[in-house]
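Here's the structure, in structure tokens; my notes come after.
The values are calculated or read from the model by the stated rules, or taken from the named source; none is laboratory data. Remember, predicted model here, so these are calculated numbers, not experimental data. Cβ placement follows ideal geometry from the backbone for every residue including glycine, while neighbour counts extend to all protein chains displayed.
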């Protein structure tokens with residue numbers, strides 16, 4: 001659709017408003033398309049960041065469980081020298 005017929009029509013008869021409305025609609029569509037693409041990029045970025053953080057937490061928890069059960073097994077085996085434990089106790093108390 002031709003918005004500009006002649007200067008008189010454009011400035012005096014309101015064709016400038018029609019052109020502004022048409023341009024605004026076109027720009028709105030372009031802006032919405034841009035926002036949609038950027039929203040998808042943000043979603044992907046944060047999903048990856050959250051997944052990475054969850055994986056790190058899982059690994060940390062696994063290590064803590066492993067350390068805990070190793071300490072339990074060590075205590076149950078009784079291979080610890082009582083003299084060493086008494087020395088550690090004295091060092092902690094002083």
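Across the range 8-24, the number of residues qualifying as in a helix (DSSP H, G or I) and modelled with pLDDT of 70 or more comes to 10.
Only one entry of 76, 27 meets the criterion of being exposed (fewer than 10 other Cβ atoms within 10 Å of the Cβ) and either in contact with a strand residue (DSSP E or B) (Cβ under 6 Å, 6 or more places away or on another chain) or part of a helix (DSSP H, G or I) (or both), and that entry is 76.
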